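> Supplied in structure tokens, the structure appears directly below.
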Amino acid sequence: SSDEESGEEYLFKIVIIGDSAVGKSNLLSRYARNEFNMHSKATIGVEFQTQVMEIDNKEVKAQIWDTAGQERFRAVTSAYYRGAVGALIVYDISRRSTFESIARWLDELKTHSDTTVAMMLVGNKCDLENIRAVSVEEGTTLAEAEGLFFMETSALDSTNVKKAFEIVIREIYNNVS
Ligand code: GDP
Ligand code: MG
């Protein structure tokens, strides 16, 4: 392929962070495998999934990491963040406490990263409009204040899931190319 000829290869590490049960694992399984699990338990063993997309006729691989549930114990390790150039910081629009945790997750991310990280604030479970506890405007305002992209998603009905990941991947590509 032209990639091999030009010797250009891109591999980007992206991490997904946020409180327990906001839908991190389901966002990844929806994006990588088009799967959703209503009763998902903390996934054990699967550290990351790799997705390939094409930008400017170049093959770009995104290695997307999932926490495997350790966020419940406040013990997401520095190894998890090491080398990450992109991040999805996720809350659940139906649980206000998960939105209030975003500042702490941002702090942790910034503490552990030594390069420019493309960051997307994600308000997941937007299908739960009837029990919404965080307005779209609050999400937008926080994202603008912190310099993050912002999107509301639903891993359940697929709203904006692909878009959220692809915006981050394109931004990383723009940062490095
Ligand atoms: P994690 O702990 O952040 O990885 O969250 P999970 O992906 O395990 O999801 C926690 C729970 O929320 C599971 O019961 C999922 O089925 C549910 N869930 C995840 N995403 C959505 C969504 O977009 N909408 C709704 N209604 N439920 C979701
Ligand atoms: Mg999980």
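> In the range 113-133, what residues are surrounded by 13 or more Cβ atoms within 10 Å (Cβ to Cβ) and under 17 Å from Leu148 (Cα atoms)?
Within the range 113-133, Ser113, Val117, Ala118, Met119, Met120, Leu121, Val122, Gly123, Asn124 meet the criteria.
> I'm trying to understand the selection: among the residues of the range 91-110, which are within 15 Å of ligand 1 (Cβ to nearest atom), crowded, with 18+ Cβ neighbours inside 10 Å and assigned to a helix (DSSP H, G or I)?
Thr98, Phe99, Ile102, Trp105
> Which one of the conditions (1) exposed (fewer than 12 other Cβ atoms within 10 Å of the Cβ); (2) not in a helix (DSSP H, G or I) does Glu144 fail to meet, given that it meets all the rest?
Against the list (1) exposed (fewer than 12 other Cβ atoms within 10 Å of the Cβ); (2) not in a helix (DSSP H, G or I), Glu144 comes up short only on (2).
> Does Lys61 meet the test of being more than 8 Å from ligand 1 (Cβ to nearest atom), at pLDDT 95 or above and surrounded by fewer than 17 Cβ atoms within 10 Å (Cβ to Cβ)?
Yes; evaluated as a whole, the condition is true for this residue.
> Just to be sure before I move on: is Glu100 under 16 Å from Val22 (Cβ atoms) and free of Cβ contacts under 8 Å to residues at least 12 places away in the same chain in the structure I sent?
Details: under 16 Å from Val22 (Cβ atoms): yes; free of Cβ contacts under 8 Å to residues at least 12 places away in the same chain: yes.
It is true that Glu100 is under 16 Å from Val22 (Cβ atoms) and free of Cβ contacts under 8 Å to residues at least 12 places away in the same chain.
> Looking only at the range 67-90, filter to residues that are within 13 Å of ligand 2 (Cβ to nearest atom) and in a loop (DSSP other than H, G, I, E, B); which one of those is farthest from Ser25 (Cα to Cα)?
Val76
> Inside the range 147-162, can you point out the residues that are within 16 Å of ligand 1 (Cβ to nearest atom) and either within 17 Å of Ala84 (Cα to Cα) or outside any strand (DSSP E or B) (or both)?
Thr153, Ser154, Ala155, Leu156, Asp157, Ser158, Thr159, Asn160, Val161, Lys162
> Another question about this same structure. List every residue pair whose Cβ atoms sit under 6 Å apart, with the two residues 6 or more apart in sequence or on different chains, where the first one lies in the range 147-159 and is within 14 Å of Asn26 (Cα to Cα) and the second, anywhere, is small (Gly, Ala, Ser) and within 8 Å of ligand 1 (Cβ to nearest atom).
Every condition considered, the pairs that remain are Ala155/Gly23.
> Kindly indicate whether Phe165 is farther than 20 Å from Gly83 by Cβ, part of a helix (DSSP H, G or I), within 16 Å of ligand 1 (Cβ to nearest atom) and hydrophobic (A, V, I, L, M, F, W, C).
Numbers: farther than 20 Å from Gly83 by Cβ: no; part of a helix (DSSP H, G or I): yes; within 16 Å of ligand 1 (Cβ to nearest atom): yes; hydrophobic (A, V, I, L, M, F, W, C): yes.
So Phe165 does not fit the description; no.
> Identify the single condition in (1) closer than 17 Å to Phe12 by Cβ; (2) at pLDDT 95 or above that Ser154 does not satisfy, given that it satisfies every other one.
(1)
> Going by what's in this entry, would Gln49 be described as more than 9 Å from ligand 1 (Cβ to nearest atom), modelled with pLDDT under 95 and in contact with a strand residue (DSSP E or B) (Cβ under 6 Å, 6 or more places away or on another chain)? Step through it out loud before you land on a result.
Details: more than 9 Å from ligand 1 (Cβ to nearest atom): yes; modelled with pLDDT under 95: yes; in contact with a strand residue (DSSP E or B) (Cβ under 6 Å, 6 or more places away or on another chain): yes.
The answer is yes for Gln49.
> Give the residues of the range 111-137 that are within 16 Å of ligand 2 (Cβ to nearest atom) and part of a loop (DSSP other than H, G, I, E, B), sorted by residue number.
Lys125 - this is the single residue of the range 111-137 that is within 16 Å of ligand 2 (Cβ to nearest atom) and part of a loop (DSSP other than H, G, I, E, B).
> Could you list, in sequence order, all residues of the range 1-19 that are modelled with pLDDT under 85 and either part of a helix (DSSP H, G or I) or among the small types (Gly, Ala, Ser) (or both)?
Once the filter is applied, which keeps residues that are modelled with pLDDT under 85 and either part of a helix (DSSP H, G or I) or among the small types (Gly, Ala, Ser) (or both), the range 1-19 yields Ser1, Ser2, Asp3, Glu4, Glu5, Ser6, Gly7.
The values are calculated or read from the model by the stated rules, or taken from the named source; none is laboratory data. Treat the numbers as computed from the prediction; the structure is a model and nothing was measured. Because the Cβ atoms are built from the backbone with ideal geometry, glycine has one as well, and the counts that use them run over all protein chains shown.
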